[in-house]
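See below for the structure under consideration.
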Amino acid sequence: MLRRVPTPFYAMKTLLFLIALSLPLLAQPQNLQNCEIKVVTTNKNVEIKLYQPNKVTILDFFITTCPHCQQHSPHMGELARKYPHGLSVISFAADGKANPTKLSAYIQQYKVTNPVIPMTNEHLGTFLPSNRSVPQMLVYDRKGQLIKVLLGWDENTKKNIETLLQTLLRK
């Protein structure tokens, strides 16, 4: 009789399964009104308030090596420029802490003009506990309530986000 010996891969799959079971206990921020992020830079700590009264907010999550993220990042900046008084776009680079040089090159190459917060993939789970797919955008209304989660990027997503923003900014 052959006996299956647990391999590191098997152990990792088991661990991931156990983590997946705990994920429903976490949740995306449903309300931004009291959310702050403390960002540690090389020379100072910066606190960023995610909620800005009377502004629609998009929390945008990406990684620098993702082709769809590379397509959508310039559009996030365009939206922020198009609606400067009604929209706040804050991007999070899930691989930004691991490779700040690559993130800096990404920001320049894809003309990212909105704030970008470098983070690790582990921190990504705080905001996106059930689905860490990127690009992913969490759209909040002017009161800081989560309205929509958009996954991926294509022409339909681009049209959908534009339509959603126009509706939210009219309210």
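The values are calculated or read from the model by the stated rules, or taken from the named source; none is laboratory data. Since this is a predicted model, take the numbers as computed values, not measurements. Cβ coordinates were reconstructed from backbone atoms using ideal geometry, including for glycine residues, and neighbour counts include every protein chain displayed. Heads up: the accessible areas ignore ligands, DNA and RNA and are worked out on the full protein's heavy atoms, side chains in. Shrake-Rupley method; radii C 1.70, N 1.55, O 1.52, S 1.80 Å.
Can you name the residue in region 122-148 that is open to solvent by 80 Å² or more (accessible area, probe 1.4 Å) and not β-branched (Val, Ile, Thr) and, of all such residues, is farthest from Phe61 (Cα to Cα)?
Looking at the filtered set, the residue picked out is Lys143.
Can you tell me which residues in region 62-71 are surrounded by fewer than 24 Cβ atoms within 10 Å (Cβ to Cβ) and not in a helix (DSSP H, G or I)?
Answer for region 62-71, where residues must be surrounded by fewer than 24 Cβ atoms within 10 Å (Cβ to Cβ) and not in a helix (DSSP H, G or I): Ile63, Thr64, Thr65, Cys66.
This table checks each residue for (1) buried (at least 19 other Cβ atoms within 10 Å of the Cβ); (2) modelled with pLDDT under 90.
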{"site": "Leu59", "(1), (2)": "yes, no"}
{"site": "Ser73", "(1), (2)": "yes, no"}
{"site": "Met76", "(1), (2)": "yes, no"}
{"site": "Leu87", "(1), (2)": "yes, no"}
{"site": "Thr101", "(1), (2)": "no, yes"}
{"site": "Ala105", "(1), (2)": "no, no"}
{"site": "Gln109", "(1), (2)": "no, no"}
{"site": "Asn114", "(1), (2)": "yes, yes"}
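Given the conditions (1) open to solvent by less than 40 Å² (accessible area, probe 1.4 Å); (2) in contact with a strand residue (DSSP E or B) (Cβ under 7 Å, 6 or more places away or on another chain), which single one is not true for Lys55?
Against the list (1) open to solvent by less than 40 Å² (accessible area, probe 1.4 Å); (2) in contact with a strand residue (DSSP E or B) (Cβ under 7 Å, 6 or more places away or on another chain), Lys55 comes up short only on (1).
I'd like to check something: does region 36-52 contain any residue that is modelled with pLDDT of 90 or more and among the hydrophobic types (A, V, I, L, M, F, W, C)? Give the derivation first.
Filtering region 36-52 for residues modelled with pLDDT of 90 or more gives none.
Scanning region 36-52 turns up no residue that is modelled with pLDDT of 90 or more and among the hydrophobic types (A, V, I, L, M, F, W, C).
Could you give me the residue pairs with C-beta distances under 8 Å whose first residue belongs to region 148-169 and is hydroxyl-bearing (Ser, Thr, Tyr), whose second residue is in a helix (DSSP H, G or I) wherever it lies, and which are 6+ apart or on separate chains?
Thr157/His72
Here is a yes/no grid of residues against (1) at positive phi; (2) more than 11 Å from the chain's Cα centre (by Cα); (3) not hydroxyl-bearing (Ser, Thr, Tyr):
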position: Thr120; (1), (2), (3): no, yes, no
position: Pro135; (1), (2), (3): no, no, yes
position: Lys143; (1), (2), (3): no, yes, yes
position: Leu151; (1), (2), (3): no, no, yes
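If only one of Ala80, Ala94, Ala98 is among the hydrophobic types (A, V, I, L, M, F, W, C) and touching a residue at least 40 places away in the same chain (Cβ under 8 Å), which one is it? Talk me through it step by step, then tell me what you get.
Numbers: Ala80 fails: touching a residue at least 40 places away in the same chain (Cβ under 8 Å); Ala98 fails: touching a residue at least 40 places away in the same chain (Cβ under 8 Å).
Ala94 is the lone residue from the list that is among the hydrophobic types (A, V, I, L, M, F, W, C) and touching a residue at least 40 places away in the same chain (Cβ under 8 Å).
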